[in-house]
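Remarks on the structure that follows.
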Amino acid sequence: MIGYLDIMYNVTTTYEASISTEGIVNFICLFTASVFFGGNYLPVKHYETGDGYFFQLVVCIGIWLSSLAINWYKNNPTFYFLPVIGGFIWSSGNVNSVPIIKCLGIGFGSLFWNIIGLLAGWGNARFGWFGVKPEIPSNISVNYIGVALCVASIILFLFVDVEMGIEESHEREPLINQSSQNIQVINLEISKRTDIFDRMSIKVKRIVGTVLSIFTGAMFGLSLTPILYLVDNYPDASSDYNMYAFSYSTGILLGSLIYFVIYCIIKKNRPDVYPESILPALLVGK
């Protein structure tokens, strides 16, 4: 997650460096970060996460722990409140990541919310929303062609059939020679691990996943707006976005905690907690 700030810094320096050696290095960094961001939620497919609220909390704890190391490396820079707001915005999108993956799959889900996030981030930077200074591209026609391709990909996505099969159900069926008591225990365990998304039809999953992806992508794309506003409007603010990693991650953890508390209240203090997903979630956060 901290890589978001690295990407912002690399994009800025790449824009200034043009096609220089530094610019090439920054594009390599962008490509590497994109690869890791594309696969950071793979543990969701291999470990039971339930409805995802506990999983996202642990992910955000991992993000905050990573920001501590960056904060120490940067000699404890000034703590700003605006990046905290940005982190809260990001957590508002991240809380939907597991539901989206369960509705659309990790491939289509992450693709859809990242395209929406790309368009939201582009619009914010291009037109200067929310007090951010607009950035005029050197080649406007090529810039708009890229945006048009993104919009076209969203339209094509709407015509793709997303089928989340009922997998592993046959593997959980009890053997014939088991006692009736063991069968009841196994069936009870299966019912406990069946969340609301498993009970949705394919059509409902498609609708829910698409709506959540649009919202999540918008949150991800606009989450760095407070930091951009800070850099553009505060003379003493550093242009190194990693200087705000700790305050940004604090907002992420705060938002995640708030959503988890609300979730626990709704669940009457019976949240779905899966201990086997803790270490994978921390890895996702780091």
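Bear in mind these aren't lab numbers, they're just calculated from the coordinates by the rules spelled out. These figures come from a predicted structure and were not determined experimentally. Please note: Cβ atoms are built from the backbone with ideal geometry, for glycine as well, and neighbour counts cover all protein chains shown.
Observations, loosely collected:
- Under 14 Å, Cβ to Cβ, from ASN124 - net charge with Lys/Arg +1 and Asp/Glu -1: 0
- Under 19 Å from the ILE202 label point (7 Å along Cα→beta-carbon), backbone N, the stretch 81-111: 100-109
- Estimated FRET transfer efficiency when R0 is 45 angstrom, pair ALA69-ILE214 (beta carbons, to 0.05): 0.85
- Note on the stretch 208-286: Rg/Rh from Cα positions, Kirkwood definition for Rh, rounded to two decimals, is 1.06.
- Given their separation in residues at 0.36 nm each and the Cα-Cα distance between them, SER238 and ILE24 gain 74.7 nm when the chain is fully extended.
- Contour minus Cα-Cα distance for CYS150 and LYS268 (0.36 nm per residue): 38.3 nm
- For the pair ILE258 and LYS133, the difference between a 0.36 nm per residue extended length and the Cα-Cα distance amounts to 41.8 nm.
- Across the stretch 208-225, rounded Karplus estimates of 3J(HN,Hα) from the backbone phi angles (6.51 cos²θ - 1.76 cosθ + 1.60, θ = phi - 60°) give 4, x, 5, 4, 5, 5, 4, 5, 4, x, 5, 5, 5, x, 9, 5, 8, 4 Hz, Gly and Pro being marked x.
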